[in-house]
Amino acid sequence: MSQNPSWFFQSLVALILLAPIWLLIGFFERNFKIHSQVFVVWYFLGVAIASAFFGGQGVGKLIPSLWSVTTILLIGLTLGGVANIQLFKAVAVAPNPGLPVAIANGASVLVFLSAFVLSRLLPNYFNSAKWDWYTFLGVILTFSGVGIIAIRR
């Protein structure tokens, strides 16, 4: 029986595979005159296709209820759309493409704290979330790093 890889290993794989993408945004803009907004459209189309065929859920499970699909599309059209367009634009013009990525990844602090609070306030809707001073310190160090980057920009 095969065992699924741990969340930590999966996160490290994502880290390694995402790094070149942030570099390619500016590369395509500079060398092929493909603006970041065009890059993000084709990039996410590729992500959607790969997720559909290789995501492990099967293509048949890609369409849950109409209400769920509509809600997710609205979230993508608003929050996801604006966030990703702004991030891809910032990466294309930043003095270093890693700076906007680091700042945007400061969202991890909000996610970390919100996950814990929501898991306690609405346990029927949100999974339980671990919280201790050790992991919170790690998140605060991340947030501090983002703060230093923002100040030194």
Log10 I(q)/I(0) at q = 0.11, 0.14, 0.21 Å⁻¹ for the chain, from Debye over equal alpha-carbon scatterers, is -0.60, -1.00, -1.49
If R0 = 35 Å, then LYS61 and ARG30, at their Cβ-Cβ distance, give a FRET efficiency to the nearest 0.05 of 0.30
Expected sort for 67-73, 38-44 on mean C-beta neighbours within 10 Å, highest first, is 38-44, 67-73
Normalised per residue, the volume inside the convex hull of the alpha-carbon atoms of segment 105-153 in Å³ amounts to 65 Å³
Under the Karplus relation with 6.51, -1.76 and 1.60 and θ = phi - 60°, whole-Hz ³J(HN,Hα) for segment 109-121, x at Gly and Pro, equal 5, 5, 5, 4, 5, 5, 4, 5, 5, 5, 5, 8, 7
Plugging the Cβ-Cβ distance of SER6 and VAL38 into 1/(1 + (r/R0)^6) at R0 = 30 Å yields, to the nearest 0.05, a FRET efficiency of 0.25
Per the rule of 0.36 nm per residue minus the C-alpha distance, extending LEU73 to ILE148 adds in nm 23.5 nm
The ³J(HN,Hα) series, computed from each phi in segment 25-30 with the Karplus coefficients 6.51, -1.76 and 1.60 at θ = phi - 60°, rounded to the nearest Hz and given as x for glycine or proline, is 4, x, 4, 5, 5, 6
In order over segment 80-96: 3J(HN,Hα) from phi, Karplus 6.51/-1.76/1.60, θ = phi - 60°, whole Hz, x for each Gly or Pro, gives x, x, 5, 4, 6, 4, 5, 5, 5, 5, 5, 4, 5, 10, 5, x, 8
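Can you give the calculated 222 nm mean residue ellipticity of the chain, where each DSSP H run of n ≥ 4 adds -39,500 (n - 2.57) and the sum is split over every residue, rounded to the nearest 500 deg cm²/dmol?
Result for the chain, helices only: -24000 deg cm²/dmol.
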The chain: relative contact order from alpha carbon pairs under 8 Å, six or more residues apart, as a whole percent, is 20 percent
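Readers should treat all values here as calculations from the given coordinates under stated rules, not as data from a laboratory. No experiment lies behind these values; they were computed from the predicted model shown. Don't worry about glycine lacking a Cβ; one is built from the backbone with ideal geometry, like all the others, and counts go over all protein chains shown.
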